[in-house]
């Protein structure tokens, strides 16, 4: 039997409550809530992030006995010390609570007994402060309607405290109340009506979470249970799954609110299998509850790591959730998921369902960023742009991102996991959206207005010759029957000196939102080989032959003939990438730095070439545009090249186009050979929204990668605005490893391994990471096959076409 508190005991209790209320929250977490709110520009800085929150300790008898093991009786969930890493921050070890008397068998962890509503409210207020300071947008509460389940109050204690809280943060952390198909309730039409009566009371409150321009977010937890119960209900109590969803919509819309966004929340693994049923019933989206598919083993040390398990979960999203015909909210598990609530006959906790281990430092921050990236890169499948994390806490215990109890006697809360979530939310920003009227186009138009005036139309191309050179015999029927709609436009963009590890896409640090979008909505080869140096790679790409055939091993390409005349490589190997695509009825252009001899020898009909050495800022850009010298003061070479590309690809013509675009960027540009002549190495500056600021900045490597990504994004927007995107294949790759890391290094994969991305939205189904092995000799066979042609007989090409892979056909790659 407990003895009543004395006045001094109550005083001590209130001191604890006040100290809880005055705690400032996570040491590292700052005020980042605004990142998830609508900014002054009318755009949201990142997707919404909500967290599932189950009820936590109240101090009432049931929670004290079942969770803490504080009262006499069954062993509590957290009584065993192995589970003390899940004890919430507001708890204390019973031995340290010295102002009340305890029974001999009281549990080791204490909170709020005898019960005080004030202390419960203070603890919840502090949770709200933590959540708000970390940038959490909303909580998802779970529980049955009050009138339907008498014992359900234990799932509503903290929700009621949220509603009654007077602190400012309570209005800033939104909420949604899940419609919970509790196992104890056999639902009927009448009971659904009772459930919605209570839900309407909450949904009309100002901080019920909305998505997609004001649509109330409603999560239906276990729709299959609702369906099963309602289908067997008799007479007027019967309700179909379609009728259930329609009834929810009607009740919400009757309050003058926008039609709700209804999400069916399923258990893991089989969530995607219910998508078709949920779609037929009228749900707007589906989600899975916790995303715990890492495994299920008896011992925690045998479970997979958090990083590997959660990576597998996101792969499951890519493989199983996309293209199900119903949008979804991807899972983002936040915790070491295991279930300590099962006991054997001796009352001992059973360690089972260890889906994965605790995250290591940095794992949770990386996971949140990865899921936000996933949502942003799949705007149609993830149309609500919302992530619901599992979880703030785990069924009364902590163990999620809720701060946990610190060590005695200071009890400084442990906030590591919440800090990592806060860091991810504070730094993540949306990439710029593809917009044909974006600043890229406006800025280029402004900078190049004088350049436009200098442009003259090129002379018409001879059907059989380019620059006086005979073309290979066409292997495709060229003429009026050629259909550009059937044969895709193709562009191969080659960057200069960049390794896969430089991109976040391949596990590096530099974020490239455009390239990541192309890769995830197309494919990116995990292993692609070039050569360790610039010119041998370009020779291999343009000829389709390995260096032992071209004789190009260094950055010199022109051996002398018998008459001691230097022979351009295009003259030694007439079947080049340019000549073959021209012969197959394509309008062809080379845009960039060729670095492999005279452009005229490669069979391209058009060109815009920049001086190879002028790779720093091009203040004195002196370009060769279709045989005409064009000087553009104060125009960056990359801008000039993309401007030409936009104009060439916008020209009206019956035949499709092919462009080979070897660029200067990013290249090592920190120490130009002649800064007095060329000026400081700079590129246009981009702001946090990936827009030009009008300033030039020091052209370090990351700035170059960012600007290149920005320009590629502008070109994608151009294709979209000119209605060519769905019939265009974009390939992007690097020519060799990064300067001082892989370039010129033939002794390891650092030199020849390069990034390689393919994007063809109207042709290639999203594939993401691709395990097939490719190299640069494969480019000619692939492009010729996409053009509908065949390689000339009698010549040797070392590569093999991966066109079937792009078209989704059977493909046998290299071993």
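List of remarks:
- FRET efficiency, residue 273 to residue 247 (Cβ-Cβ, R0 22 Å, nearest 0.05): 0.35
- Taking the fewest neighbouring Cβ atoms within 10 Å as the starting point, the ordered list for 726, 380, 224 is 380, 726, 224.
- Taking every C-alpha pair closer than 8 Å and separated by at least 6 residues, the mean separation divided by the residue count of segment 147-284 gives a relative contact order of 24 percent.
- Ordered by the number of other Cβ atoms lying within 10 Å of each residue's own Cβ, fewest first, 173, 630 fall into the sequence 630, 173.
- Taking label points 7 Å from Cα along the Cα-to-Cβ direction, residue 653 and residue 231 give a separation of 5.9 nm.
- All C-alpha to C-alpha distances of segment 121-199, sorted into 5 Å bins beginning at zero, yield P(r) values of 3, 15, 24, 20, 14, 12, 8, 3, 0 percent in whole numbers.
- Ranked list, fewest to most other Cβ atoms within 10 Å of each Cβ, for 658, 286, 115: 115, 286, 658
- Residues residue 80 and residue 197, FRET efficiency given R0 of 45 Å [Cβ-Cβ distance, rounded to 0.05]: 0.60
- Entry note, segment 95-173: relative contact order of 36 percent, from Cα contacts under 8 Å with a spacing of 6+ residues.
- On the basis of the beta-carbon distance and an R0 of 22 Å, residue 186 and residue 280 show a calculated FRET efficiency of 0.40.
Read-outs throughout are calculated quantities, based only on the coordinates presented, and are distinct from any laboratory measurement. Source: prediction; values computed, not measured. A quick note on method: Cβ atoms are made from the backbone with ideal geometry, for glycine too, and the neighbour counts reach across all protein chains shown.
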